[in-house]
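The values are calculated or read from the model by the stated rules, or taken from the named source; none is laboratory data. Computed from a prediction, not measured in an experiment: that's the story for all the values here. A quick note on method: Cβ atoms are made from the backbone with ideal geometry, for glycine too, and the neighbour counts reach across all protein chains shown. To get the accessible areas, we keep the full protein, side chains included, count just its heavy atoms, and leave off ligands, DNA and RNA. Shrake-Rupley method; radii C 1.70, N 1.55, O 1.52, S 1.80 Å.
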Amino acid sequence: MDNSKLIKSLKKGNQKTFKEVYFKHYDKLIQVARRFEFKFLTPDDFVQETFVQLYTKRELLKEDVLFDKQLFVICKNIILNHLNRENKVIPLDPVKLKMEADGEDTDLLLMEDRRKQLQYLLEQLPEQQKKIFTLHKLDNYSYQEIAEMTRLSEKTIANHIYLANKFIQKKIAEA
């Protein structure tokens, strides 16, 4: 199928064409996503999001631009946007907090102080954000697991976590 016909078929919402595109490009997109290091999501998450966005915004496809190029741009933009958000996230995992090997008491006190500060900030979050943030960051549940527990979409879960991180960062910066 030539480029123009493929895009016209996708724009019409043809499920068969969409399925063919999915199977044809899935592995290539996974390879692209694996080139990046992610803290929270997997390459599969980004490829799935790419196809979701392709389907929901299919009417924006341009018939005069190669489909492959458009698909890879969608994937790249999703990844870059996520990486930009990840870079703004404060690491809250106590294991990742750097403690010197000599085990000084000051390090333990600092870690305990940070834990208390985090707990205090968590108490200020709206209940839903607090619950989702705690499940993901402290209890290590995936977005998908949290979505199943709360019956919210993974996008909503990601948004709650983003807003909670933003709030915590702001409060820490003000301190």
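Give, as residue ranges, the helices (runs of 4 or more DSSP H) completely inside region 1-72 that count at least 2 residues that are in contact with a strand residue (DSSP E or B) (Cβ under 9 Å, 6 or more places away or on another chain) and modelled with pLDDT of 90 or more. So that I can check it myself, show each step before the final result.
Working: elements: 3-11, 15-33, 43-56.
In region 1-72, there are no helices (runs of 4 or more DSSP H) which contain 2 or more residues that are in contact with a strand residue (DSSP E or B) (Cβ under 9 Å, 6 or more places away or on another chain) and modelled with pLDDT of 90 or more.
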Residue count, region 112-153 (criterion: in contact (Cβ under 8 Å) with a residue 24 or more places away in the chain and within 23 Å of residue 38 (Cβ to Cβ)) = 8
Scanning region 110-155 residue by residue, those open to solvent by less than 50 Å² (accessible area, probe 1.4 Å) and of a type outside the set (A, V, I, L, M, F, W, C) turn out to be 129, 130, 134, 136, 137, 142, 143, 150
Among the residues of region 27-69, which ones are surrounded by 18 or more Cβ atoms within 10 Å (Cβ to Cβ) and of a type in the set (S, T, N, Q)?
-> 50
